[in-house]
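For reference, the structure discussed in these notes is given below.
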Protein chains: 2
Amino acid sequence: MVVPERISGVLSPVVTPFKDDLSPDPHRLVQHCRWLLSQNVGLAPFGTTSEGNSLSVEEKMSLLDGLIDAGIDTARLMPGTGHCALADTVKLTNYAVKLGCAGTLMLPPFYYKDVSDDGLYASFAEVIDRVGSSELRIYLYHIPPIAQVGISPPLVERLAKTFPETVVGIKDSSGDWNNTNAFLQLDLDDFRVFAGSESFLLQNMRAGGAGCISATANVNPAAINQLYADWQSNVADDMQQGLDKVREIIEKFPMIPALKATIAEFSDDPQWAIVRPPLVALSDDQRSELLKDLHQTAFELPSLTD
Amino acid sequence: MVVPERISGVLSPVVTPFKDDLSPDPHRLVQHCRWLLSQNVGLAPFGTTSEGNSLSVEEKMSLLDGLIDAGIDTARLMPGTGHCALADTVKLTNYAVKLGCAGTLMLPPFYYKDVSDDGLYASFAEVIDRVGSSELRIYLYHIPPIAQVGISPPLVERLAKTFPETVVGIKDSSGDWNNTNAFLQLDLDDFRVFAGSESFLLQNMRAGGAGCISATANVNPAAINQLYADWQSNVADDMQQGLDKVREIIEKFPMIPALKATIAEFSDDPQWAIVRPPLVALSDDQRSELLKDLHQTAFELPSLTD
């Protein structure tokens, strides 16, 4: 096995396409992943934006199989593998490692609230112990607005110092720059801090961050990656503003249905608009407004069927 | 198949015993369930108190098998079957129905926050449609302090009116009597409203409720059931006060570890104290304080190995 390189850059928490019967659509997923890679964006399937928490372990394993069978580069894959149940997290993480994924993005167990750092530490440590592989690379996933259960800087430090070759990074979706900065300030060697949104990409790069893993990279990957590549250029602030404008339009709507409606439009494929309950698709009015606003910006989405 | 009777009375969200390797212990679970039944308390395994959300679907199926094989009465079984992923909820609910469980206690999908009633309705409706059994009886599980995603009275009404033979009750763990009362006031036929704690048992019975499903019924079942049976007697208020006193002692500590420490003590079986991460067992000091306080009350727990 190849020892996985630590990941940096822009990744997309890949949206999961569904069929009419709400089963995942492996064919469209591969198509979308290929397009994202062609835009130089890495793949973080089964994240929040992927409706990953509305998928069973078996569904995710099957979709991963589909990606590998289609020849998707495992060096660009950081699937979400954190579940509420220890056994589920271990099973899926183990599978991702066996397939050669360069990393896994790991939520803490998120059902029980007000749990202690000791309890969360024990949970991650159990997973690491049970997977028991030198190829495992964990990027912690801190998203308190949704998971409610967060991963504090002291806990990150403890995990990364105890498992320096395994716990190698974090995605911060707190939406709080001070918190991201706290992760960046930890005394850790080559620890990769990803902003959870491109809104913080430039700030993160200037402070020594590794990139971002952002929902909107599903529809605006090239421009986001451009800022990542050119963050030291003298037009970086303008580029950040351009990204912010596009994001602002999409953020007026529920994010996941809005991304799917956008992909459905630009790929001329209405099936893409399907979401799994408990989410609901945009109404016709919302959809019209979103697309009108998107078409009026400089935003240009290449045909997703490329 | 026998058409399941609607459930009433006191149920215990049965704590799940674990072995040293953190795997569920089917033998001790059967033992505890038998004891609870002998105290006239029904069984709601895989609830919040059961660390149900730290168990995989497969682990729950296997534990259910163990209960059935041991001859536990399916008429007293209301396992928790709600997961984040539609496929998981369908699989486990289907299994519980096939085994003949009288009901299932169903969380809404709880990862995505700020979801609409329409989205939650669609989720429950999909489960009902996919299980597709006239033997399915769903008791909705409203526990906003932990799941964060709640089930509003209008949503309850819509579900129960659309599926009157299937959506037959609710457990309200909001801790808010006004909310429980709102469920009781819904214009529904024979809809079973369970308080989520015995603190509200008398109030619930006086207002037409069906009983309670309470964590502390794991250690204080007989007394709680006594109030359920005698709620119309002239000592009912005193009985409620007695229950409140015991609960108050336990609530000074993290509930699940405290219940397990209590069972470990009274059954003289230290293994019972094991919890799964992200929970942590009581410290020695906490444990001593809890047991001292319990022994000083009138609280008497029969030997759990009876």
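The values are calculated or read from the model by the stated rules, or taken from the named source; none is laboratory data. Just so you know, these numbers come straight off a predicted model, no measurement behind them. Virtual Cβ from ideal backbone geometry, glycine too; neighbours counted across all protein chains shown. Ligands, DNA and RNA are stripped out before the accessible areas are found, and what is left, the full protein with its side chains, is counted by its heavy atoms. Shrake-Rupley method; radii C 1.70, N 1.55, O 1.52, S 1.80 Å.
Here are the numbers for the structure shown:
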| read-out | value |
| --- | --- |
| Heavy-atom surface of segment B:16-116, accessible at 1.4 Å and reported per residue (Å²) | 29 |
| Which listed pairs, of B:K113/B:K260; B:K171/B:K292; B:K98/B:K171; B:K161/B:K260; A:K60/B:K60; B:K91/B:K113, have C-alpha distances above 29 Å, in listed order | B:K113/B:K260; B:K171/B:K292; B:K161/B:K260 |
| Dipole moment magnitude, nearest 20 debye, segment A:93-142 about Cα centre, only Lys, Arg, Asp, Glu C-beta charged | 260 |
| Quotient of C-alpha Rg and 2.2 N^0.38 Å, computed over the protein assembly as shown | 1.00 |
| Interface residues in segment A:68-106 - accessible area drops by 30 Å² or more relative to the isolated chain, probe 1.4 Å | A:C84, A:A85, A:L86, A:A87, A:D88 |
| Computed accessible area, B:F191, all protein chains, 1.4 angstrom probe, square angstrom | 30 |
| Shielded residues, segment A:1-36 - accessible-area loss of 10 Å² or more between chain alone and all protein chains, probe 1.4 Å | A:D21, A:L22 |
| Extreme residue, positive dipole direction of the protein assembly as shown, given options A:S62, B:S56, A:S283 (C-beta unit charges) | A:S62 |
| Heavy-atom SASA rank of B:R28, B:R206, B:R247 (probe 1.4 Å, accessible area, largest first) | B:R206, B:R28, B:R247 |
| Crossing angle, helix A:236-251 versus chain A [Cα axis fit, 0-90 degrees, rounded to tens] | 80 |
| Simple label model, 7 Å out from Cα along Cβ direction - A:A207 to A:E251, nm | 1.6 |
| Theoretical gain in end-to-end length, B:E5 to B:S133 [0.36 nm per residue, Cα-Cα removed] | 44.6 nm |
| Candidates A:G71, A:G211, A:G169: whichever shows maximal mean-square fluctuation once chain A is modelled as a Gaussian network with Cα springs under 10 Å | A:G71 |
| Table column - 3J(HN,Hα) (Hz), segment B:134-143, Karplus curve with 6.51, -1.76, 1.60, x for Gly and Pro | 6, 8, 6, 10, 9, 9, 5, 10, 9, 9 |
| FRET efficiency for B:K98 and B:L37, using Cβ-Cβ distance with R0 set to 22 Å, rounded to 0.05 | 0.55 |
| Using θ = phi - 60° and Karplus 6.51 cos²θ - 1.76 cosθ + 1.60, couplings along segment B:63-71 (whole Hz; Gly, Pro as x) | 5, 4, 3, x, 5, 5, 4, 7, x |
| Beta bridge orientation in chain A: antiparallel %, DSSP, nearest 5 | 5 |
| Student exercise, segment A:182-296 dipole from Lys, Arg, Asp, Glu Cβ charges, in Debye to nearest 20 | 220 |
| Interchain or long-range residues, amide H under 5 Å from B:V10's placed H | B:G42, B:C212 |
| Size of the A/B contact, given as accessible area buried on both chains, probe 1.4 Å, in Å² | 3100 |
| Partner chain coverage, peptide A:120-131 - average Cβ within 10 angstrom | 2 |
| On Cα atoms only, tilt of B:117-131 relative to the major axis of chain B in degrees | 90 |
| Net charge, B:P257 excluded, C-beta distance under 14 Å - Lys, Arg +1, Asp, Glu -1 | -4 |
| Mean projection area, nm², convex hull over Cα of chain B | 14.6 |
